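Undergrad: Below: one structure in C-alpha cells.
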Amino acid sequence: MTEFFEVLATDGAARAAELRIDPAVQTPGRIDERVIDAGSLWVDDRTEPSLTPEALTILPHRAMPTGTDERVVAAFPPAGTDQEGAAAAVITPASVTAVDADVYVLSGARGMMGHAAAVVDAILAVRERAPEDTGLYLAGCADPMNVAMLVYAGVDLVDASAAAAAGFDGHYQTAMGMTPAEDLTERPCMCPVCAEGEGPLEDPAAVAAHNVHALDVELRRIRAAIDAGTLRDHVEMQARVDQWLLGMLRRIDQQYAYLERRSAVSGRATIRATSDDTLRRVAIQRYAGRVTERYENRFRHPLVLLPCSARKPYSTSQSHRQFYDAIDYRAHVVSMTSPIGVVPMELELTYPAQHYDTVVTGRWSATEIEFVASVLEEYLKENPYPRVIAHVPDEGYRVICERVAASVDVPFEYTSTDHPTTDESLEALGETLSGELRYTKAERESKTIQAMADYQFGRGVGPVLFPRASTELNGRYPKLQVCDSDGEQLAVMVPQYGLLALSLAGARRWQEMVSSAPTVHIDGFVPHGDVLAPGVVDADTRIRPGEEVLIEGPEAFGVGRAVMDGQAMVEAQRGVAVDVRHIEAL
Ligand SMILES: [Zn+2]
C-alpha cells in the first residue's frame with residue numbers, strides 16, 4: 001500500500017515527497033480539492049467508495065478525539081482497502097499499526113492546536129509507528145504561522161480549511177502573525193486580493209482568499225528550505241511568531257532520538273546561529289557528543305585554547321595563521337566557539353565545525369557560556385594535557401576558561417593581554433612554549449586523518465585503519481589522500497563535507513579490521529547505480545543519512561554513503577537507500 005507515496009529527500013524529520021495521484025502532489029503540500037472523504041461511520045453506515053487515480057480517498061472512518069479510552073479505540077479498528085489506488089485511513093497514535101494505508105490522517109488533530117505537547121507527541125507517535133514511506137495528513141490545522149513547525153515535526157499534507165475559516169472570521173494571516181483585517185493600514189502582501197486596493201480588507205471571502213495564498217507562499221518557502229537543508233533555521237524564526245510554536249519546537253527538541261535518527265551526519269548548508277535554541281540542534285548536540293565519546297588527542301604536547309574565527313576552516317583565517325606561526329608546531333590547538341563547543345585542530349573540517357555563522361560581538365549569553373564551559377570541561381577530563389595555555393580574549397572566553405579551570409587539575413596559563421592578535425600577546429604565546437618539543441607536519445597530518453576517522457567511524461578506529469607506520473599521505477591539506485604502503489589509495493578527505501571517503505581497498509580494510517563497521521546487506525544482485533530500498537535485506541540501525549557504509553550481498557561488495565537511516569532502509573519499499581561509490585561483483 002505504499003506505492004502512492006515516495007519520499008524523495010529529507011531534512012531531519014521533514015520530508016520532500018510525492019503523492020502519486022494524477023497529477024502528482026508535491027509534499028509538504030496542500031491537498032484540499034484532491035481529497036475525497038468517504039465520511040464518518042458514526043453518523044451512517046457507509047460502503048467503501050471506489051478509489052480513483054485523481055484523488056486521495058479517505059476511507060470511511062470513526063474519528064476519535066484526543067484522550068479517547070484505549071478500549072474504545074480498540075473496539076473500532078480503522079478499515080483498510082484491497083482496492084488499487086491512493087487511500088488514507090483516519091487513525092490515532094494507538095491505531096496506526098492496525099491498518100495499511102498510503103496516508104494516515106491524525107484523528108482529532110484540530111482540537112490539539114495550541115497545545116504544543118499534545119500535537120507534537122501525537123505527530124511523533126504516528127511517525128514512529130507508521131511505515132517510513134507513508135504520508136501524514138493533518139486536516140483542518142495549518143495556517144501560514146504554524147505550518148513550518150508542523151512539517152518540521154513530521155507532517156506531509158495539510159489543507160487550507162483553518163486558514164480560510166480564520167479569514168471568514170476577519171483574521172488576516174501571514175507567516176509573521178495575525179491581525180484583524182479591519183485594522184490593516186498598508187497590506188503586507190501582493191497577492192491578487194491584496195494588490196487590488198489598499199487599507200482594511202472588508203470582504204471576509206477576500207481575507208480568506210488572502211490567507212490561503214499566504215499558506216501557499218509559506219509552503220513554497222518550506223519546500224525550498226527542505227531542498228536547501230535549512231528548515232531548522234526557518235523554524236527557529238517561526239518559533240518567534242507565537243509562544244505555542246516555541247513550545248512546539250522545544251517539545252520536538254526534547255524528543256532527541258526521533259530527530260537524531262533522521263538527521264544527516266553532514267550538510268551543505270551553513271547553520272545560522274540565531275538563538276539559544278540553536279544549541280539544541282541535532283548537529284550541535286551530536287558533534288559535542290562525538291567529540292567527547294569518539295575523539296582522542298594523540299599529541300603529547302601542551303594545549304593552546306584559541307578563540308574561533310569568522311573564516312572557516314579556522315586555520316585559513318588571518319588570526320589563526322598568526323597563532324599557528326607563534327605556536328610553531330609546539331602545541332595542540334583547540335578552538336572554543338559558540339554554538340559548536342570545542343574544536344580540536346584535526347576536526348576543523350568536520351560538520352558542523354566549518355558550516356556555521358555566528359555573531360562575533362564578544363557578548364555571550366549565559367546559556368552559551370554554560371554550554372561551551374560544560375563541553376570544554378568534559379573534553380579536558382577525557383583528554384588530559386601537561387599544560388593548558390588559554391590564548392583568548394577577555395569577554396566570554398575568559399569567563400569560560402576561569403570556570404573550567406576551577407574544576408580541572410592542571411592550571412590555566414593566560415597569554416593574551418588586550419587582544420590575542422596584538423604583538424605583545426603573540427610574543428607571550430611563543431615565549432611560553434619555548435623549550436617545548438616540535439612535532440612535524442607529517443605527524444600532524446597523519447594524526448588529522450586518524451582523528452577524522454575516529455570521529456566518523458568510532459573511537460579508536462583511526463589508528464587501526466590508518467596506522468602511521470604503514471600508510472602514506474599524498475596531496476595537500478585539506479585534500480589529503482591516504483594510501484597503503486604499496487601506494488594503493490584507501491581514502492580521500494572531502495573538505496566541503498569534512499568526511500573521509502573510502503576506496504574499495506579502504507572498505508575491505510574497514511570490513512576486516514573493524515567488526516562493528518556499519519553494513520547494508522543486500523539481496524543476490526550487483527547494483528548498477530544506487531542501492532534502492534527494496535534491495536536491502538538488512539541494515540545496521542545505527543546508520544544515519546550521509547554516513548559511510550559497507551554494502552554486502554551474496555554477489556557484491558562495495559562502499560557508499562547512506563541516503564536513508566538504517567531503519568528506514570529496511571522499512572521503505574521505494575527510494576534510494578545508499579549512494580554507491582564503489583562496487584565489485586563477487
Ligand atoms: Zn494577500
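Undergrad: Test VAL235 against the criterion of being assigned to a loop (DSSP other than H, G, I, E, B), more than 15 Å from the ligand (Cβ to nearest atom), under 22 Å from GLN254 (Cα atoms) and modelled with pLDDT of 95 or more, and give yes or no.
TA: Numbers: assigned to a loop (DSSP other than H, G, I, E, B): no; more than 15 Å from the ligand (Cβ to nearest atom): yes; under 22 Å from GLN254 (Cα atoms): yes; modelled with pLDDT of 95 or more: yes.
No; evaluated as a whole, the condition is false for this residue.
This table checks each residue for (1) closer than 30 Å to SER263 by Cα; (2) touching a helix residue (DSSP H, G or I) at 6+ places or on another chain (Cβ under 6 Å).
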position: GLY177; (1), (2): yes, no
position: PRO180; (1), (2): no, no
position: ARG187; (1), (2): no, yes
position: VAL193; (1), (2): no, yes
position: GLU196; (1), (2): no, no
position: VAL207; (1), (2): no, yes
position: THR230; (1), (2): yes, no
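Undergrad: Suppose the filter is charged (D, E, K, R) and buried (at least 18 other Cβ atoms within 10 Å of the Cβ); does GLU378 pass it? Working first, answer last.
TA: Details: charged (D, E, K, R): yes; buried (at least 18 other Cβ atoms within 10 Å of the Cβ): yes.
Yes; evaluated as a whole, the condition is true for this residue.
Undergrad: Could you tell me which numbered condition CYS189 fails, if it satisfies all but one of (1) within 16 Å of the ligand (Cβ to nearest atom); (2) farther than 30 Å from HIS115 by Cβ; (3) assigned to a loop (DSSP other than H, G, I, E, B)?
TA: Going through (1) within 16 Å of the ligand (Cβ to nearest atom); (2) farther than 30 Å from HIS115 by Cβ; (3) assigned to a loop (DSSP other than H, G, I, E, B) one by one, CYS189 breaks only (2).
Undergrad: Please enumerate the residues belonging to segment 137-159 that are within 16 Å of the ligand (Cβ to nearest atom) and surrounded by fewer than 24 Cβ atoms within 10 Å (Cβ to Cβ).
TA: MET145, the sole residue that qualifies.
Undergrad: Then there's this: Suppose we filter segment 192-217 for residues that are of a type outside the set (Val, Ile, Thr), surrounded by 13 or more Cβ atoms within 10 Å (Cβ to Cβ), in a helix (DSSP H, G or I) and within 13 Å of the ligand (Cβ to nearest atom); how many remain?
TA: 10
Undergrad: Taking the stated definitions as given, is SER407 modelled with pLDDT under 95, surrounded by 22 or more Cβ atoms within 10 Å (Cβ to Cβ) and not aliphatic (A, V, I, L, M)?
TA: The answer is no for SER407.
Undergrad: I would also like to ask the following. Looking at ALA225, is it surrounded by 15 or more Cβ atoms within 10 Å (Cβ to Cβ) and within 13 Å of the ligand (Cβ to nearest atom)?
TA: On the way: surrounded by 15 or more Cβ atoms within 10 Å (Cβ to Cβ): yes; within 13 Å of the ligand (Cβ to nearest atom): no.
Considered against the rule, which asks whether it is surrounded by 15 or more Cβ atoms within 10 Å (Cβ to Cβ) and within 13 Å of the ligand (Cβ to nearest atom), ALA225 comes out as no.
Listed here are the residues, each with its yes/no results for (1) at pLDDT 95 or above; (2) closer than 30 Å to ARG129 by Cβ; (3) assigned to a helix (DSSP H, G or I); (4) not hydroxyl-bearing (Ser, Thr, Tyr).
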residue: GLY462; (1), (2), (3), (4): yes, no, yes, yes
residue: VAL492; (1), (2), (3), (4): yes, no, no, yes
residue: GLY506; (1), (2), (3), (4): yes, no, yes, yes
residue: GLU512; (1), (2), (3), (4): yes, no, yes, yes
residue: SER516; (1), (2), (3), (4): no, yes, no, no
residue: HIS521; (1), (2), (3), (4): yes, yes, no, yes
residue: GLY529; (1), (2), (3), (4): no, no, no, yes
residue: ARG544; (1), (2), (3), (4): yes, yes, no, yes
residue: VAL559; (1), (2), (3), (4): yes, no, no, yes
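Undergrad: Go through (1) within 11 Å of the ligand (Cβ to nearest atom); (2) within 34 Å of the chain's Cα centre (by Cα) one by one and return the number of the condition ALA175 breaks.
TA: The single condition ALA175 does not satisfy is (1).
Undergrad: Do we have SER275 as closer than 25 Å to ALA117 by Cα, modelled with pLDDT under 95 and away from the ligand (no atom under 16 Å from the Cβ) here? Write out each step before concluding.
TA: Working: closer than 25 Å to ALA117 by Cα: yes; modelled with pLDDT under 95: yes; away from the ligand (no atom under 16 Å from the Cβ): yes.
When the stated conditions are applied, SER275 passes them.
Undergrad: Can I ask one more? All but one of (1) farther than 24 Å from ASP11 by Cβ; (2) within 15 Å of the ligand (Cβ to nearest atom); (3) surrounded by fewer than 24 Cβ atoms within 10 Å (Cβ to Cβ) hold for ARG220; state the number of the condition that does not hold.
TA: (1)
Undergrad: Every residue in segment 34-53 that is modelled with pLDDT under 95 and among the charged types (D, E, K, R), please.
TA: Result: ASP37, ASP44, ASP45, ARG46, GLU48.
Undergrad: Restricting attention to segment 53-76, which residues are in contact (Cβ under 8 Å) with a residue 12 or more places away in the chain, assigned to a loop (DSSP other than H, G, I, E, B) and either surrounded by 14 or more Cβ atoms within 10 Å (Cβ to Cβ) or small (Gly, Ala, Ser) (or both)?
TA: In the first step, residues of segment 53-76 are kept if they are in contact (Cβ under 8 Å) with a residue 12 or more places away in the chain; the result is 53-66, 68, 70, 73-74, 76.
Keeping just the survivors that are assigned to a loop (DSSP other than H, G, I, E, B) gives 53-55, 59-60, 62-66, 68, 76.
Within segment 53-76, ALA55, LEU59, PRO60, ARG62, ALA63, MET64, THR66, THR68, PHE76 meet the criteria.
Undergrad: Residues of segment 271-310 being within 11 Å of TYR351 (Cβ to Cβ) and not in a helix (DSSP H, G or I), which ones?
TA: Once the filter is applied, which keeps residues that are within 11 Å of TYR351 (Cβ to Cβ) and not in a helix (DSSP H, G or I), segment 271-310 yields only ILE271.
Undergrad: Here's another thing I want to ask about it. Find the residue count for segment 451-495, including only residues that are under 15 Å from ARG294 (Cα atoms) and touching an Asp or Glu at 6+ places or on another chain (Cβ under 8 Å).
TA: Qualifying residue count for the region: 9.
Undergrad: If the requirement is being more than 18 Å from the chain's Cα centre (by Cα) and among the β-branched types (Val, Ile, Thr), which of these qualifies: VAL155, VAL193, VAL151? Lay out the reasoning, then the answer.
TA: Working: VAL155 fails: more than 18 Å from the chain's Cα centre (by Cα); VAL151 fails: more than 18 Å from the chain's Cα centre (by Cα).
The unique qualifying residue is VAL193.
Undergrad: Let me ask another. Do you know which residues across segment 241-270 are assigned to a loop (DSSP other than H, G, I, E, B), modelled with pLDDT of 95 or more and among the charged types (D, E, K, R)?
TA: ASP242
Undergrad: Under 7 Å by Cβ, and 6 or more places apart or on different chains, what pairs join a residue from segment 202-219 that is over 11 Å from GLY170 (Cβ atoms) with one that is among the aromatic types (Phe, Trp, Tyr) and within 9 Å of the ligand (Cβ to nearest atom)?
TA: Taking only residues 6 or more apart or on different chains, the pairs are HIS210/TYR172.
The values are calculated or read from the model by the stated rules, or taken from the named source; none is laboratory data. In this text, all values refer to a predicted model and were calculated from it rather than measured experimentally. Positions of Cβ are generated from backbone atoms using ideal geometry, with glycine treated the same way; all protein chains shown enter the neighbour counts.
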